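Below is one structure; the comments refer to it alone.
Here, each number is a calculation from the coordinates, and none is a lab measurement. Fair warning: this is a prediction, and the values are worked out from it, not measured in the lab. We place every Cβ from the backbone using ideal geometry, glycine too, and count neighbours over all the protein chains shown.
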Amino acid sequence: MITFRCFRNDDPPRLAGIWRTANLGPGAMQPMTVTHLEAGVFSKPYFDREGLMLAFDDDQAVGFAHAAFAPNTDRDALDTSTGTTLLVVVEPHEHEADIAAGLISRCEDYLRRRGARTILGGGSAEMAGFYLGLYGGALIPGILDSSAAMQRAFLASGYEAADRIAVLRRPLAGFRPPVNRLQLAIRRASELRVIDEPVRRTWWEAATTTGIALRRYELRGRQEGPEGTGALLGSASFWDMQPLASAWGVPAAGLMNVTIEGPRRRQGLASYLVAEALHDLAAEGVTLVETQVSEANAAATSLFGKLGFQAADHGTVFRKP
């Protein structure tokens, strides 16, 4: 008989065992351990045991699903109006589809009780509050195509595709920044600053990246002007993709975000900043960089394509109508 309940303190070994047995594809950390789950899930200040559902066949744990929320606009608290079921992980089982459906339904009930009016399936750059370094790569790209059973579970529960996210990778062997007039002009007018373990800029950034090695590249102007000497032109944040990179056997960095200050956009700064950061990371021994981009973001797709990034996988963010 299949039964369901929410998380208890003695469940971490059960969750790790389910994860190791389920077919999650190459985008999932393996082998999963309790220590990894503690770092990527249970230690988060917004973790709510009632949002983590387990399924049992008699006394044997056979699946789990985790529901969570996005941050608010100021990124200083959760916004419970939008919630998502981040993952649905089920062991191979004769009633696998029914187990997944039951888990998703209970996650939906939890999200609605907390006030969710929009219900999604899968995480994203905006909803990467859990499983960073454990599933998906540089961020959480919805549900990966390589986790086909999980995608089928959401579709069977009435969800529709809301966004497609490309997982882009760039090997750094032999990488050289592009050289042209625009790039040379930016080099003369700016300086690149490298900041290891920078001060986290928001509560959400602190909560999601505490415990990981973060590096921020800041591009600042050299010349005095209305904004003053050293005005910030843009920044890019990378992190050491552990423990997933260790499982892959390569030193890998994840590009989390690129921000160009409003008046400076569309002046070639993003391309210059990312290229210089890749060059620096290569010198540090990083051999692979990954980032993730919504397929609806044509500008970002073009930027990374010009820098030699190629799609390694795709994910889908689902939405419940």
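For labels at Arg222 and Asp57 in the simple 7 Å Cα→Cβ model, what's the distance in nm?
That separation, rounded to one decimal, is 6.7 nm.
Just rank Met32, Met1, fewest to most, by other beta-carbon atoms within 10 angstrom.
So the ranking, lowest neighbour count to highest, is Met1, Met32.
Let's test the formula: R0 of 25 Å, r as the Cβ-Cβ distance of Ala298 and Thr73. What FRET efficiency results, to the nearest 0.05?
Calculated transfer efficiency: 0.55.
Between Ala185 and Ala173, how many nm apart are label points set 7 Å from Cα along the C-beta direction?
Label-label distance for Ala185 and Ala173, simple model: 3.7 nm.
Under the 0.36 nm per residue contour assumption, what length would be gained going from the current alpha-carbon distance of Thr80 and Ala125 to full extension?
Details: separation 45, 0.36 × 45 = 16.20 nm, distance 1.69 nm.
Gain on stretching Thr80 to Ala125: 14.5 nm.
Just to be sure I understand the model, the point goes 7 Å from the Cα along the line to the Cβ. What's the resulting Glu50 to Arg152 distance in nm?
3.4 nm
Could you give each residue of the range 236-247 its phi-based ³J(HN,Hα) in whole Hz, using Karplus coefficients 6.51, -1.76, 1.60 with θ = phi - 60°, and x for Gly or Pro?
9, 10, 10, 9, 6, 6, 9, x, 4, 5, 5, 5
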